[in-house]
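Structure record follows, encoded as structure tokens.
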Amino acid sequence: AQSVTQLDSQVPVFEEAPVELRCNYSSSVSVYLFWYVQYPNQGLQLLLKYLSGSTLVKGINGFEAEFNKSQTSFHLRKPSVHISDTAEYFCAVSGNKLSFGAGTTVTVRA
Amino acid sequence: ETGVTQTPRHLVMGMTNKKSLKCEQHLGHNAMYWYKQSAKKPLELMFVYNFKEQTENNSVPSRFSPECPNSSHLFLHLHTLQPEDSALYLCASSQDRDVYNEQFFGPGTRLTVL
């Protein structure tokens, strides 16, 4: 069995400030890890993924995430957000199937 | 058209109606998926097709009936739905069912059941 927990349901942040979205997972098998973003009225789009190798993964739009196996975490970060980063962000874990977290709504204010 | 398209984008139906959702992918993928997205809940995987064959049905009520006539098209036929079935229905595709493959999503159909 596997599960994904996104620790924050809503994250308000000011423009140009840093943001971190937390994701923890549990799985009895080795996993692959993903972050997806969903802009208003759109489907999900892949931000980045960890399959193997370096634990620091860089994605699109200046986002990065770090895989921490001992803490079973895959937190997403961006050093300076823009208004256009307002969206819902989903962490996903793929062991024997793909499981999504409940999402974190990021609202960027000027 | 590029990527994954879904029609209609919005649908309002009564509990006795029959309607269908359509998904088309232009990516040459072999696996297609239906998900249900409800507010503040994780995406719920409903059905998976791989090379046109259904490989997963996650205990979805029979009032939802999928159809995959070829690797590019996926339908979700709806009949006698309940108000709690109101949600965003997302279609996705991937190269195949390998768990490391990225899934590409359509924009979804916003369904309201009255």
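Taking the range B:23-56 as the range and being hydrophobic (A, V, I, L, M, F, W, C) and either in a strand (DSSP E or B) or surrounded by 19 or more Cβ atoms within 10 Å (Cβ to Cβ) (or both) as the test, the residues that pass are B:C23, B:A31, B:M32, B:W34, B:L43, B:L45, B:M46, B:F47, B:V48. Checking each residue in the range A:52-110 for being over 26 Å from B:M46 (Cα atoms) and in contact (Cβ under 8 Å) with a residue 60 or more places away in the chain picks out A:K78, A:P79, A:S80, A:V81, A:H82, A:I83, A:D85, A:V106, A:T107, A:V108, A:R109, A:A110. If I ask for residues that are within 8 Å of chain B (Cβ to nearest Cβ) and among the polar types (S, T, N, Q), which ones from the range A:39-66 would you list? Of everything in the range A:39-66, those that are within 8 Å of chain B (Cβ to nearest Cβ) and among the polar types (S, T, N, Q) turn out to be A:N41, A:Q42, A:Q45.
Yes/no matrix, rows are residues, columns are (1) in contact with a Ser or Thr (Cβ under 7 Å, 6 or more places away or on another chain); (2) among the β-branched types (V, I, T):
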| site | (1), (2) |
| --- | --- |
| A:N24 | yes, no |
| A:S27 | no, no |
| A:V31 | yes, yes |
| A:Q45 | no, no |
| A:T55 | no, yes |
| A:F63 | no, no |
| A:E66 | yes, no |
| A:Y89 | yes, no |
| A:G95 | yes, no |
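Residues that are open to solvent by 30 Å² or more (accessible area, probe 1.4 Å), more than 14 Å from A:F63 (Cβ to Cβ) and not in a loop (DSSP other than H, G, I, E, B) within the range A:11-42 comprise A:P12, A:F14, A:N24, A:S26, A:S27, A:Y32, listed in sequence order. Of all residues in the range B:13-46, those satisfying the criterion of being more than 10 Å from chain A (Cβ to nearest Cβ) and touching a Gly at 6+ places or on another chain (Cβ under 8 Å) are B:C23, B:Q25, B:H26, B:L27. Scanning the range A:61-84 for residues that are assigned to a loop (DSSP other than H, G, I, E, B) and small (G, A, S), which turns out surrounded by the fewest Cβ atoms within 10 Å (Cβ to Cβ)? This residue is A:S70. Only one entry in B:S71, B:S59, B:S20 is of a type in the set (S, T, Y), surrounded by fewer than 16 Cβ atoms within 10 Å (Cβ to Cβ) and over 27 Å from A:S30 (Cβ atoms), namely B:S20.
Residues that are in contact with a Lys or Arg (Cβ under 9 Å, 6 or more places away or on another chain), under 21 Å from B:E102 (Cβ atoms) and among the hydrophobic types (A, V, I, L, M, F, W, C) do occur in the range A:54-61.
The values are calculated or read from the model by the stated rules, or taken from the named source; none is laboratory data. Here the structure is a predicted model, which is why all the values come from computation and not from measurement. Glycine also receives a Cβ, built like all others from the backbone with ideal geometry; neighbour counts cover every protein chain displayed. Side chains are part of the model used for accessible areas, which takes the heavy atoms of the whole protein and leaves out ligands, DNA and RNA. Shrake-Rupley method; radii C 1.70, N 1.55, O 1.52, S 1.80 Å.
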